[in-house]
Amino acid sequence: MAQPRIITILPDAAALAMAAADHTLEILRATLARRERAHLVLAGGSTPRAMNALLAADPRRSSLDWSRIVFWFGDERCVPPNDPESNYRMNRETLLDPLGIASHQVHRIHGEGDPAASAADYGAVLMLELGDVPKLDLVLLGMGPDGHTASLFPGTTKAIGRGELCVAHYIPKFDRWRITLTPYAINAANSVTITAGGAEKADALEAVLNGPREPDVYPAQLIRPRTGELHWFVDAPAASRLTI
């Protein structure tokens, strides 16, 4: 049974990034207190970029042994790793390189390859490292103004096969292939954090949290960890239509 969601509303984008960064550290520290390694899934977007800057700077930087973190990615655009649109590039420049993370700690999605083959390969690596039902420790996600999360866009979710961990699909409005973890993979995690900031996301956030269940219209509704925690961090403009 899915666990209750926890929703935290912050006054602005800066407070949102700070709260989400501190929550990330809290989850990772608690995990490392129990085990030698923690598995963290990174996201793309403006809030993750701001979070990365906070995590890579003191005092947060020195509050965690980053050599014990294994990094994964929730989704990727099908571009080379140095392309300006690459989620890997953004995270490498803003977090991984500033922290001096070793290459063997990072599992990137190979967006430059054949989309379907790269998705299958990523799912295989997840199973190799974490078992048939990979249990990631913390998955960081954002939500777009259309209610998408990771690269789960409206109209794409019905085609995902049961038990698939990572898939590729073509997004017509961007004329781009995307590779993404599936709800099956995400919902197996110990903890999931979704951030949403900005007034342009207010309608979608209200629909995702309080509207009728329409997951192929609002894919973020599919994110409900089976036994783990779900935390939403949203700023006041994004939360302006919420009735909670």
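Couple of notes before you dig in:
- Screening Ala119 with (1) part of a helix (DSSP H, G or I); (2) free of Cβ contacts under 8 Å to residues at least 60 places away in the same chain; (3) out of contact with any Leu (no Cβ under 6 Å at 6 or more places or on another chain) gives one miss only, at (2).
- Failed condition for Ser46, given (1) more than 16 Å from the chain's Cα centre (by Cα); (2) surrounded by fewer than 19 Cβ atoms within 10 Å (Cβ to Cβ); (3) polar (S, T, N, Q): (1)
- All positions within segment 8-33 that are farther than 16 Å from Pro48 by Cα and in contact with a helix residue (DSSP H, G or I) (Cβ under 7 Å, 6 or more places away or on another chain): Thr8, Leu32
- Residues satisfying the stated conditions in segment 185-194, i.e. of a type in the set (Val, Ile, Thr) and not in a strand (DSSP E or B): Ile186
- Within segment 128-161, considering residues that are surrounded by fewer than 15 Cβ atoms within 10 Å (Cβ to Cβ) and among the aliphatic types (A, V, I, L, M), the one nearest to Thr24 (Cα to Cα): Val133
- Taken over segment 207-244, residues that are touching a strand residue (DSSP E or B) at 6+ places or on another chain (Cβ under 7 Å) and small (Gly, Ala, Ser) amount to 5.
- The listed residue being touching a strand residue (DSSP E or B) at 6+ places or on another chain (Cβ under 9 Å), at pLDDT 95 or above and more than 19 Å from Arg226 (Cβ to Cβ), out of Ser151, Ser191: Ser151
- The lone criterion from (1) surrounded by fewer than 16 Cβ atoms within 10 Å (Cβ to Cβ); (2) assigned to a loop (DSSP other than H, G, I, E, B) left unmet by Ile101 is number (1).
- Each residue in segment 3-16 was checked for being free of Cβ contacts under 8 Å to residues at least 60 places away in the same chain and touching a Pro at 6+ places or on another chain (Cβ under 9 Å), and 0 pass.
The values are calculated or read from the model by the stated rules, or taken from the named source; none is laboratory data. In this text, all values refer to a predicted model and were calculated from it rather than measured experimentally. Please note: Cβ atoms are built from the backbone with ideal geometry, for glycine as well, and neighbour counts cover all protein chains shown.
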